[in-house]
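Enquirer: After the structure tokens below, expect a handful of questions from me.
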Amino acid sequence: MGGDIEVIAMAEMVTAQGASQGAGQPEATKRDFLKLTTTAFAAVGVGAIVWPFIASMNPARDVLALASTELDLSPIAVGQSVTVMWRGKPVFVRHRTPEQIAAARAVPLSELKDPATDESRAPRPEWLVMIGVCTHLGCVPLGQKPTDPTGDFNGWFCPCHGSHYDTSGRIRRGPAPSNLEIPPYSFMSPTQIRIG
Amino acid sequence: MAIGLHDSPFKNPVIRWVDQRLPVFTMMQKEYGTFPTPRNFNYFWNFGALAMINLLIMIATGVFLSMHYTAHTAYAFDSVERIMRDVNYGWLIRYVHMNGASMFFIVVYIHIWRGLYYGSYKAPRELLWMLGVVIFLLMMATAFMGYVLPWGQMSFWGATVITNLFSAIPLVGHDIVIWLWGGFSVDNPTLNRFFSLHYLLPFVIVGVVFLHVAALHITGSNNPLGIEPKGPQDTLPFHPYYTIKDSVGMVAYFAVFAFLVFFMPNYLGHPDNYIPANPLSTPAHIVPEWYFLPFYAILRAVPDKLGGVVLMFGSIAILFVLPWLDTSKVRSMRFRPIARIFLLLWTINFFVLMWVGAKPAEGHYVLIAQIATVIYFAYFLVVLPALGRLEKPLPLPESIARAVLGPNATLGGGPVPGAVAAKPMDKA
């Protein structure tokens, strides 16, 4: 114990000397080195321990395994809409009528708040697939049922804060900043899609 | 300085501004910086700090586990398996929590044993010791209820057996058990309340630990010699001397902990708990977790239901009155040649109880358990009260500094004069 005290006392003296030696250039001491390496080592250790805790709050493997949804399109008649769940959110699938397609394609891009062609949003024009979550604050817009209000552009209308979407699901009026999002999906056959 | 502000010694303007209004920095400096601590601690004095760290680890891992756990009989087992298989690093967090319970008891048993050997329970530290026993009881309750949550076979039958202990209480026992269960057997209401209490009690433990530490900082720490520091030459500032010494212990502690978690995570558990709870079929051989075995052995050693329960609770309750059972004025067993031998025998006996608690309660195991139970209580009720009068203790050293630094160390002379020894304290 006595030895330890002397060593520390000496190290303190060395530090004091080092500090007084150069003007603005204090000499690095062995103690500085030890402090830095210890701190660095502890910081890495804390990071390594904290990471698993943070990661545990990310989606678990069983949640990720449910990240795709398949849908049979054959029972959906022209003009009909269905809503399916994908990742806990509604996905709107609409079998559009020729009039709806024509209305969506006739709009000049200059009139759009978030310009996107209908062709880019519906590669197979009769099928429109979008995430049914308003891009304003996350409500589900109305317009899937025949009795729902469809807004000023005959598409969808969000009742929370009054956003109007057209027959291509593009934002036309109201506070929402962007069009209804298109999820990743692919046609597995002409009457079968997989979302996600 | 404005009236009403604390006179802060700190120079950093932000720290100073806070410290003047809420002197937490002054408090930390006083209680963990310059706090005068006996200079002769050995590594047994690491275990209080280790227990504190262990408590924090249990709370941190527990909070994250509860984000994924479902407290319902139909989902509990599967939700734990989901944590093991699907949740990111869930296996790690659960194994740390599971083995953390074992580590906690290892650390606390050593901490208690340190108190027994060096007489830390004696005046003026009686209340400090009793608060420690309260923490130990709370830990046992928390650990027991935590073990029920995975809803495996051992969870269910452990809960059944332990709650049935209360049926031994005359007249009202049966009603108390129904009240504990919230039904007529261990079932969903029981699981729900155990989860609630398992989450609550650790924070109660934090509160009692605060009192435990507050009481410690009034009396100051005991030390391996069991004599009080007489002045600055007998003490060192807590920082850096014991922050560093505790850190060394922490490294060893984490090495053992990591070895358990990564190489033998289920060694201290029981495989039957990976079978979902089945109220229709009791496992052939029920044993509690290892840290309860000595007390379980005492329970089974008595052929009478009420008697067994009373002795089991009595084996811990007796610790509350230990400061008055031990009549010797000498704290440290270093200076008690006879008591020391008895304490070591008692310690071996504790392991015998632990071993026999895991054996079936039949044949000669019962006899061994009975003898060991008698020895357990005899130490407290016969040996310690008697030895206080009969034993002739060895001469105590004059002071800690004398004993540690040798006979040549005199105040103001010798290899480490008081002035040098006191210097780091002034600085820290």
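The values are calculated or read from the model by the stated rules, or taken from the named source; none is laboratory data. Just so you know, these numbers come straight off a predicted model, no measurement behind them. Neighbour counts are summed over all protein chains in view; Cβ atoms, including those assigned to glycine, are modelled from backbone coordinates with ideal geometry. Side chains are part of the model used for accessible areas, which takes the heavy atoms of the whole protein and leaves out ligands, DNA and RNA. Shrake-Rupley method; radii C 1.70, N 1.55, O 1.52, S 1.80 Å.
Enquirer: Write down the accessible area per residue of the protein assembly as shown in Å², having rolled a 1.4 Å probe over the full set of protein chains.
Expert: On the way: 31650 Å² over 624 residues.
That works out to 51 Å² for each residue.
Enquirer: Carbon and sulfur together cover what percent of the accessible area of region A:61-196 at a 1.4 Å probe radius? Each step should come with its number before you reach the end.
Expert: Numbers: 3880 of 6790 Å².
Ligands and nucleic acids excluded, carbon and sulfur reach 57 percent.
Enquirer: If you don't mind, another one. With a 1.4 Å probe and every protein chain kept in, tell me what percent of the accessible surface of chain B is carbon plus sulfur.
Expert: Details: 14860 of 20410 Å².
Answer for chain B: carbon and sulfur cover 73 percent of the accessible area.
Enquirer: If you average the alpha carbon positions of region B:241-262 and of region B:136-183, how far apart do those two centres end up, in angstrom?
Expert: 34
Enquirer: Something else: Test of understanding: extend the Cα→C-beta vector of B:A258 to 7 Å, then name every residue of region B:76-94 with backbone N under 17 Å from that spot.
Expert: B:92-93
Enquirer: Still on this structure: Normalising by the residue count of chain B, find the relative contact order in percent from Cα pairs under 8 Å and 6+ residues apart.
Expert: Details: 511 pairs, mean separation 91.4, N = 428.
About 21 percent, as a whole number.
Enquirer: I would also like to ask the following. Considering only B:F35, B:F380, B:F259, give the residue with the highest GNM mean-square fluctuation for chain B, with springs between Cα atoms whenever their separation is below 10 Å.
Expert: Fluctuation is largest for B:F259.
Enquirer: To continue, here is another question. Under the classification rounded if a/c is under 1.5, otherwise prolate if a/b is larger than b/c and oblate if not, where does region B:287-396 fall, given a ≥ b ≥ c as square roots of the Cα gyration tensor eigenvalues?
Expert: On the way: a/c = 2.58, a/b = 2.06, b/c = 1.25.
Because a/c hits 1.5 or more and a/b exceeds b/c, region B:287-396 counts as prolate.
Enquirer: At 24 angstrom or more along the helix axis (alpha-carbon based) and mean Kyte-Doolittle of -1.0 or higher, what helices does chain B contain? Whole DSSP H runs only. Before the final figure, lay out the partial values.
Expert: Working: long enough: B:47-66 (28 Å, 2.09); B:90-117 (40 Å, 0.81); B:126-148 (34 Å, 1.99); B:188-219 (46 Å, 1.23); B:238-263 (35 Å, 1.20); B:337-357 (30 Å, 1.75).
Passing helices, by number: B:47-66, B:90-117, B:126-148, B:188-219, B:238-263, B:337-357.
Enquirer: Shifting gears a bit: Give the lysines whose C-alpha is closer than 23 Å to that of A:K89, dropping any in the same chain fewer than 8 places away, or say none.
Expert: A:K89 reaches A:K145.
Enquirer: Give the separation of the Cα centroids, region A:31-79 to region B:40-106, in Å.
Expert: Here the answer is 20 Å between Cα centres.
Enquirer: While we're here: Which chymotrypsin sites (Phe, Trp or Tyr not before Pro) from region B:159-254 combine a DSSP loop assignment with at most 16 other Cβ atoms within 10 Å?
Expert: Numbers: sites: B:F166, B:W179, B:W181, B:F184, B:F194, B:F195, B:Y199, B:F203, B:F210, B:F238, B:Y241, B:Y242, B:Y253, B:F254; in loops: B:F184.
In loop regions of region B:159-254 (DSSP not H, G, I, E or B), the sparsely surrounded chymotrypsin sites (Phe, Trp or Tyr not before Pro) are B:F184.
Enquirer: Report the equivalent ellipsoid semi-axes for chain B in whole Å, largest first, defined as the square roots of five times the eigenvalues of the gyration tensor built from alpha carbon atoms.
Expert: On the way: eigenvalues 349, 180, 71 Å².
The equivalent ellipsoid of chain B has semi-axes of 42, 30, 19 Å.
Enquirer: Based on the alpha-carbon gyration tensor of the protein assembly as shown and its eigenvalue square roots a ≥ b ≥ c, which shape applies: rounded if a/c is under 1.5, prolate if not and a/b is larger than b/c, or oblate?
Expert: Taking the square roots of the gyration eigenvalues as a ≥ b ≥ c, the protein assembly as shown is oblate.
Enquirer: Return the ratio Rg/(2.2 N^0.38 Å) for region B:40-285, where Rg is computed over Cα atoms only.
Expert: Working: Rg = 20.4 Å, N = 246, 2.2 N^0.38 = 17.8 Å.
With N residues counted in region B:40-285, Rg over 2.2 N^0.38 Å equals 1.15.
Enquirer: Lysine pairs in chain B with alpha-carbon atoms under 23 Å apart, 8 or more places apart or on different chains: how many are there?
Expert: So the count works out to 18.
Enquirer: Can you tell me, using C-alpha contacts under 8 Å and at least 6 residues apart, the relative contact order of chain A as a whole percent? Please list the in-between numbers first.
Expert: Numbers: 283 pairs, mean separation 32.6, N = 196.
After rounding, I find 17 percent.
Enquirer: Still on this structure: Among A:P75, A:P183, A:P98, which one moves the most in a GNM of chain A with springs linking Cα atoms closer than 10 Å?
Expert: Among A:P75, A:P183, A:P98, the largest GNM mean-square fluctuation belongs to A:P75.
Enquirer: For region B:322-397, what's the relative contact order in percent, using C-alpha pairs closer than 8 Å and at least 6 residues apart? Intermediate results must be reported in sequence, preceding the final value.
Expert: Numbers: 62 pairs, mean separation 42.6, N = 76.
The normalised contact order for region B:322-397 reaches 56 percent.
Enquirer: If I model a spin label as a point 7 Å beyond the Cα along the Cα-Cβ vector, how far apart are those points for B:I316 and B:N278 in nm?
Expert: Reported label-point gap for B:I316 and B:N278 is 3.1 nm.
Enquirer: List the residues whose amide H sits under 5 Å from the amide H of A:W127, counting only those 5 or more places along or on another chain, with H placed 1.01 Å from N in the peptide plane.
Expert: Sorted by chain and number, the residues that satisfy this are A:R96.
Enquirer: Still on this model: Mean Kyte-Doolittle of at least -1.0 and a Cα length of 18 Å or more along the axis: which whole DSSP H helices of chain A meet both?
Expert: Values: long enough: A:2-21 (29 Å, 0.41); A:30-55 (38 Å, 0.98).
The qualifying helices are A:2-21, A:30-55.
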